[in-house]
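Okay, so here's the structure we're looking at.
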Amino acid sequence: AQSTSLEIQYEGFVSVSESSDDFAGLPDRRWLRIAGLRSTRQDGSPLCWSEVMVPERFAPDRAEVRKGARAIYEIVLQQHGLKLDYVEQTITATHLPPQYADVLLATANSPALLVRRRYVAHAGASFEISHNMYPADRFSIQSIIRQRA
């Protein structure tokens, strides 16, 4: 979040269904949805389409979010006195939906990566769920795997 900026295009509360994979088993039904184009700060190049969902009970100060100085999860942690326990991340190969292609200056239905994250606090509460849709050539991940001694 420090090297990118989020141009918020949608902001408001939505109701979610328990049948949705991302929200199954979670107690909250009303979530703050913040969505928009994430671009690089260096040259303003479009990077991905971001959708961030925060349960109403953990909704951050929206003026603070709009400043764009910190990641939304950091704002939530500070404002609600939470400690991050873990982030669950799933990366899935997919195709770029046409509704995101124009804004990302990419080709519709071209290869893409969907990065899903669920942020969980020390008390076990899920306090943020995010989806980031990247054209395939704009996302990479590097891991180091070490053998246990």
Item checked: Accessible-area value, M53, 1.4 Å probe, nucleic acids and ligands omitted, Å² -> 20
Margin query: If amide hydrogens are placed 1.01 Å from N in the peptide plane, which non-local residues have theirs closer than 5 Å to the one on T4?
Written below: R41
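Could you give the dipole magnitude of the chain about its Cα centre, charging the beta-carbon of Lys and Arg +1 and that of Asp and Glu -1, in debye to the nearest 20?
Here the chain has a charge dipole of around 360 debye.
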Next item on the list: Would you work out what percent of the accessible area of region 1-76, with all protein chains in place, is carbon or sulfur (probe 1.4 Å)?
Entry: 45
Check: Rounded, prolate or oblate: which fits the chain when a ≥ b ≥ c are the square roots of the eigenvalues of the alpha-carbon gyration tensor, with rounded for a/c under 1.5 and prolate only if a/b beats b/c?
Finding: rounded
Notebook entry, point to check: If you take the beta carbon distance between R148 and S3 as r and set R0 to 35 Å, what does 1/(1 + (r/R0)^6) give as a FRET efficiency, to the nearest 0.05?
Noted result: 0.60
Notebook entry, point to check: How large is the accessible surface per residue of region 31-80, computed with a 1.4 Å probe and reported in Å² as a whole number?
Noted result: 45
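If you take the beta carbon distance between T90 and H122 as r and set R0 to 22 Å, what does 1/(1 + (r/R0)^6) give as a FRET efficiency, to the nearest 0.05?
0.50
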Margin query: At 1.4 Å probe size, put E74, E51 in order of accessible surface, largest to smallest.
Written below: E74, E51
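The values are calculated or read from the model by the stated rules, or taken from the named source; none is laboratory data. No experiment lies behind these values; they were computed from the predicted model shown. Don't worry about glycine lacking a Cβ; one is built from the backbone with ideal geometry, like all the others, and counts go over all protein chains shown. Ligands, DNA and RNA are excluded from the accessible area calculation, which covers all protein heavy atoms including side chains. Shrake-Rupley method; radii C 1.70, N 1.55, O 1.52, S 1.80 Å.
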